[in-house]
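Written below as C-alpha cells is the structure these notes are about.
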Amino acid sequence: MTSRKSSTFRHRLRLGMNGNITRRDFLNATLLGAGAMLLDLPAPLHLHAKPPPPDWYGYGGVGDYAASHGNTPELVDLFDRTSRGDYAGISREADPGGESVDLLVVGGGLSGLSTTYFYKKEAPGSTCLILENHPVFGGQAKRNEFLVNGERLIGPQASNSFVVIEQAGVAGYEMFSELGVPKRFRYQQPDRSAAALQFDRTNYGFALWKDLSPNVGYCFPERGKGGGDCWLRDLWGGKLRDSPYTEGEREDFLTWRHGKTRYFDGVDFHAWLDTMTYGDYLEKVMRLSPRVTEFAHPILASGLGLGCDAISAYAAYQISMPGFDGFTRRERDRRLEESNWHSFPGGNDGFSRYLLKALIPEAIRGENNFEDILNGPIDFRAMNRPGAGTRLVLGAMAVDVRHPGPPDRADHVLVSFVANGKTRTVRARRVVMAGGGWSNRRIVTDLPAGHREAYEQFHYSAVLVINVALTNWRFLHRLGITGCRWFDGFGFTCNIRQPMLVGDFRPPLHPDKPIVLTFYVPLHYPGLPVADQGARGRNELLATSFAAYEEKIRAQMARLFGSAGFDPARDIAGIILNRWLHAYQNPQPGFYFTRGGRPAPRAVAGSRHGRIVFGHAELDGHQNWSGAFEAGRRAARQALDIR
C-alpha cells in the first residue's frame with residue numbers, strides 16, 4: 001500500500017499537481033450545503049447521493065468574471081431548494097403595495113438582454129427590471145481571464161463564434177448595425193516561425209466546418225502504440241490515407257463528407273428529416289458504416305448536446321453537419337466559403353457587453369466604441385441604481401412567478417426572487433421568461449397543463465468547457481497542429497485560437513509565449529435514453545472535484561503531447577473549469593414540426609400564458625447568438641402586445 005501511495009504521489013508530481021496557481025483564490029469554493037441535484041432528472045438517476053466535493057468550483061482566474069465561471073455553487077443550492085418547494089406559494093404572501101415595473105425579464109443572458117433592448121426601443125419610457133441568477137450578466141456568453149508572465153489571456157466560458165453575413169434580411173444580423181458592432185476585425189499574426197500554420201479563430205469550427213485545414217491533427221491510438229507519434233495531419237486532404245479505417249470505411253467517410261446523392265423525393269424535406277435521428281439518417285438512409293456515426297457523435301454533441309443516436313436529423317441539418325449536399329448546398333457552402341467566422345476574445349461575451357452598454361451605458365466604463373465595450377471594466381453598482389429606467393440585479397434567482405388570479409383577467413404578475421439571501425416580490429405588468437425551460441417549468445407555478453406537457457419534450461444535457469493557460473505552445477508547433485481531435489481518454493478536442501486584437505489587448509501568437517488552450521467536453525452517452533444521458537452528465541459534473549478533473553486534463557495532455565516535449569508541470573500556468581449543467585436543449589425527432597394534428601412542443605412552449613411570455617433561444621432547437629437575438633425580438637413583440 002505504501003508503494004502504491006508513493007507511486008501515485010510521484011505520478012501527480014510529474015503532472016504538476018503540487019503547483020498552486022490553479023488552486024489559489026478559491027472564490028465560493030464551499031458549496032454552502034448545496035443540495036443533491038438540479039432536480040429535473042428521471043428515475044433512477046434523479047438523486048445524487050451526496051453534495052458535490054468542497055473543492056468543486058475551483059480557480060476562477062482574474063478580472064470581473066473570476067467569481068462567475070459556469071454554474072455557481074450558490075445557484076445549485078438555490079435551485080435545489082426551489083425544486084424541493086421551499087418557496088412554494090411565496091408570491092401569494094407578498095405585500096401588494098411593493099415595487100411595480102412595466103417589464104420584468106427573468107434571465108440576463110443574450111435572450112434576456114435582447115428582449116429588454118427591443119422592448120425599450122419601442123417603449124423608451126418604460127421601467128424594466130432584469131433578474132440574472134449568476135454573479136455576472138451574459139448567461140453562457142461570458143469569459144475567463146488569466147494573467148501569465150505579464151500577458152493577459154482571455155477564453156470563452158461557453159457560447160463562442162459568430163459569422164458576419166453581408167446579406168440583408170438574414171435573421172439576427174441587423175444587430176451589428178443596431179448596436180454598432182464592427183463587421184471587420186483584426187487578428188494577431190503568428191510569429192515568423194509559425195507563419196505556415198493555420199489557426200481557427202473559434203473553438204468549434206476546426207472540428208466541423210474548418211476541418212479541412214492541414215493543421216488539424218487526429219490522434220489515433222493505433223498509430224501511437226509503442227510511444228510514437230499518434231498524430232495524423234490533413235486527414236481529409238489525404239482522403240483518410242494512413243488512418244486505421246478499412247478501405248470500405250474510408251469510402252463511407254468520403255461519401256458522408258462529399259456525397260451528392262438525393263435520398264428524398266418528397267416535398268417537405270425538413271419535416272421528413274425530423275422523423276428520424278441523425279444516426280438513423282447516416283446508417284439507414286445513407287447506409288454508412290457505424291464508424292462514421294461514432295466519429296460524428298462528439299461533433300454533433302458539441303453543437304447540440306448529445307450525439308447522433310439522440311438528435312433529430314433536422315437539427316443536424318440546421319448546423320450543417322455533412323450528409324445533405326444532395327438536397328441543398330446553401331448551408332454548408334455558406335459556412336465554408338461565403339461566411340467569415342470570428343470569435344471575440346471571450347467568445348460571444350462581446351454581444352452581451354454591447355447589449356448591456358446599450359441598456360445601461362454606465363455599466364461598462366468607457367466610451368461607446370469597440371475597444372472600450374470589450375475591454376472596459378464592469379461597474380457593478382451602475383446596474384441597479386434606484387430610479388433608473390432599466391435595472392439589472394445580479395445573483396437574483398426567480399423562485400415563484402404567477403398571476404394573482406385567473407391569467408386572462410390579471411393586470412399584473414407576481415415575481416418573487418432571492419438575492420443576497422433575502423426574498424423580494426415585484427409586481428410586473430409583463431414578464432418574459434428568458435432563461436432555460438428546465439427552470440421555467442419549475443418556477444412559473446401557474447403554468448398551464450399544455451405548457452407543462454410541451455416542456456416534458458425538452459431535454460437538457462451538460463457540457464464542461466475548460467480553459468488551460470499555457471506558458472508556451474512550442475509542443476504544438478513541433479507537431480504542426482493548432483486544433484486537435486482524439487478518440488480515447490478524457491474529452492475529444494482542444495485548440496488554440498488566432499486571437500482577435502481589441503485596442504490594447506494584443507496577446508502574442510508565438511510558440512514560446514503564453515496562450516489559452518480550450519477544451520469543449522460534451523457529456524453524452526450513446527445508447528441511453530435522451531433524458532438519462534442528460535441526467536448522467538449532470539451527475540458527473542456535480543460529483544467530480546476540481547482536483548479530479550485537473551488530474552484528468554493534465555494526464556490527457558501528457559499522453560497527447562508528451563512525445564513533442566510537453567511537460568504539464570512546467571507548461572500549464574492555470575486551469576479554469578466552466579460547468580454548465582443545462583448547457584444544451586437536445587432537439588429529438590418530432591421536436592420541430594406539427595405531426596398528426598398536434599403542434600410541435602416548441603410551438604406550445606413558446607405561446608403566451610396570460611401576461612407571461614417565453615423568450616428563450618432553445619425554442620428554435622439550435623441555440624446560438626443570432627437565435628437568441630430573434631428570441632428576444634419575438635418575446636418583446638409579444639410583451640408589447642399585452643395591454
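Quick rundown of the values:
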| item | result |
| --- | --- |
| Calculated [θ] (222 nm, deg cm²/dmol) that DSSP helices of n ≥ 4 give over the chain, each run adding -39,500 (n - 2.57) | -8000 deg cm²/dmol |
| For Val101, distant residues with modelled amide H under 5 Å away | Arg427, Ala428, Arg429 |
| Peptide ranges 175-181, 511-517 listed from the most packed, as the mean C-beta count within 10 angstrom indicates | 511-517, 175-181 |
| Linear extension gain, Ser100 paired with Ala388, 0.36 nm per residue minus alpha-carbon span | 102.4 nm |
| Cut-off under 5 Å, modelled amide H: who pairs with Val432 long-range | Leu104, Val105, Val106, Val613 |
| Accessible area (Å², per residue) of the chain, counting only protein heavy atoms and a probe of 1.4 Å | 38 |
| Stokes-Einstein D for the chain, Kirkwood Rh over Cα pairs, 10 °C, 1.306 mPa s (µm²/s) | 63 |
| Full-stretch length increase - Val62, Leu640 - with 0.36 nm per residue and alpha-carbon distance subtracted | 204.1 nm |
| Rounded FRET efficiency, nearest 0.05, which uses the C-beta distance separating Glu453 from Ala123 and R0 of 35 Å | 0.60 |
| Glu362 paired with Glu178, simple spin-label distance in nm, labels 7 Å along Cα-to-beta-carbon | 2.6 |
| Packing-based order for 377-390, 630-643, using average beta carbon neighbours within 10 Å, highest first | 630-643, 377-390 |
| Computed E for Tyr263/Glu371 - FRET, C-beta separation, R0 41 angstrom, nearest 0.05 | 0.25 |
| For the range 209-266, convex hull volume per residue from C-alpha positions, Å³ | 97 |
| Using alpha-carbon coordinates, inclination of helix 530-543 to the longest axis of the chain, degrees | 80 |
| Segment Trp236-Lys422, extension gain: residue separation times 0.36 nm, minus the distance between their alpha carbons | 61.3 nm |
| Equivalent ellipsoid semi-axes - Cα gyration tensor, the range 495-566, angstrom | 32, 18, 12 |
| With every protein chain in place, the chain: carbon and sulfur % of accessible area (1.4 Å) | 49 |
| Global geometry of the range 292-413, whether rounded, prolate or oblate, following the gyration tensor of its Cα atoms and the 1.5 cut on a/c | oblate |
| Average Cα contact separation per residue, the chain, under 8 Å, 6 or more apart, as relative contact order % | 24 |
| Simple Cβ-charge dipole of the chain, Lys/Arg +1 and Asp/Glu -1, about Cα centre, in debye nearest 20 | 640 |
| Segments 274-284, 342-352 sorted - mean Cβ within 10 Å per residue, highest first | 342-352, 274-284 |
| Whole-angstrom gap from the range 590-615 to the range 196-243, using each part's C-alpha centre | 42 |
| Amide H within-cut-off set for Asn144, under 5 Å, with H built and near neighbours excluded | Gly155, Gln157 |
| Cβ-derived FRET efficiency at R0 45 Å, Arg608 paired with Ser545, nearest 0.05 | 0.55 |
| J(HN,Hα) series, the range 60-73, from Karplus relation 6.51 cos²θ - 1.76 cosθ + 1.60, nearest Hz, glycine and proline x | x, x, 10, x, 5, 9, 4, 8, 9, 10, x, 5, 8, x |
| Solvent accessible area, Å² - Tyr263, 1.4 Å probe, full protein context | 70 |
| Over 28 Å between alpha carbons, listed pairs Lys422/Lys552; Lys183/Lys552; Lys142/Lys239; Lys142/Lys422 | Lys422/Lys552; Lys183/Lys552; Lys142/Lys239 |
| Near-label residues of the range 187-231 by backbone N, under 17 Å of a point 7 Å along Cα→Cβ of Phe505 | 187-189, 201-203 |
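The values are calculated or read from the model by the stated rules, or taken from the named source; none is laboratory data. Treat the numbers as computed from the prediction; the structure is a model and nothing was measured. Note that we place each Cβ from the backbone using ideal geometry, even for glycine, and neighbour counts take in every protein chain shown. Please note that ligands, DNA and RNA were not included when accessible areas were found on the heavy atoms of the full protein model with its side chains. Shrake-Rupley method; radii C 1.70, N 1.55, O 1.52, S 1.80 Å.
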